[in-house]
Amino acid sequence: KKGGSGTLRNAPDGSEYSLKEYIDLMMQISDNTASYYLVKLVGRESIYRDVISPLHLNKTRIDLAGEGLLSRYYANPNGYYTDPKSGKTVGNYRNSPYYTCEAEQNSVSTPCDMLELMKALYQGRVVDPESDREILEEMALCQTNSRIPARLPQGTRVAHKTGTLDHLACDVGIVYTAAGSYILSLFYNGNLA
């Protein structure tokens with residue numbers, strides 16, 4: 001069980017879930033335990049080899065699972081962080097190398113990398129056309145609709161995935177309209193919602 005968002009962290013010990021349930025929880029409500037489990041199941045090396053490298057997502061890294069990132073990012077409830085090399089508690093976590101994306105290991109991406117990933121999904125080039133279509137169908141079930149879908153006309157189909165860490169937030173997705181589809185990749189700091 002991992003900290004952060006989701007419901008699996010509160011599930012009774014010994015609970016069993018199907019692979020589809022893990023996928024649903026990760027994609028629909030950003031469950032950190034489900035995400036950690038799926039990355040562990042697939043393997044980071046496979047994700048780098050089969051997705052990140054072939055799509056040239058050169059600014060994307062998935063070195064830390066949800067809790068590993070959270071523990072390094074927050075490290076101290078009073079807003080300070082512990083430097084992993086020295087073990088000393090130092091300035092505000094917003095100056096930490098994890099927050100500023102300067103750490104040797106981190107989990108980060110960029111708006112441009114996510115645009116490329118969404119374009120590849122839309123074109124059926126990530127896994128295969130059928131699997132990519134299923135991924136987009138799953139993304140259309142995302143329950144955090146206060147970002148990309150918020151200002152769109154009611155009923156507009158959006159396949160998207162959100163992410164939040166303190167005041168950092170993102171939403172990446174495809175908006176489907178009668179006039180055509182378009183991809184949005186929004187990353188922002190200062191998030192309050």
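Data table
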read-out: Proximal charge balance of Met114 [Cβ under 12 Å; K/R count +1, D/E count -1]; value: 0
read-out: Environment charge at Thr156 (Cβ cut-off 15 Å; Lys +1, Arg +1, Asp -1, Glu -1); value: +2
read-out: Accessible area expressed per residue, the stretch 1-51, with surrounding protein chains retained (probe 1.4 Å, Å²); value: 62
read-out: Highest to lowest packing among 7-17, 34-44, scored as the average C-beta count within 10 Å; value: 34-44, 7-17
read-out: Exposure ranking of His167, His56 by accessible area [1.4 Å probe, largest first]; value: His56, His167
read-out: Most to least packed among 151-158, 182-189, 107-114 [average Cβ atoms within 10 Å]; value: 107-114, 182-189, 151-158
read-out: Separation in nanometres of the label points that stand 7 Å from Cα toward Cβ, at Asp128 and Phe187; value: 3.2
read-out: Fully extended contour minus Cα-Cα distance, from Ser53 to Glu16, at 0.36 nm per residue; value: 10.0 nm
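The values are calculated or read from the model by the stated rules, or taken from the named source; none is laboratory data. Worth saying up front: this structure is predicted, and the values here are computed from it rather than measured. Cβ atoms come from the backbone with ideal geometry, glycine included; neighbour counts cover every protein chain shown. Note: areas computed on protein heavy atoms with side chains; ligands, DNA, RNA excluded. Shrake-Rupley method; radii C 1.70, N 1.55, O 1.52, S 1.80 Å.
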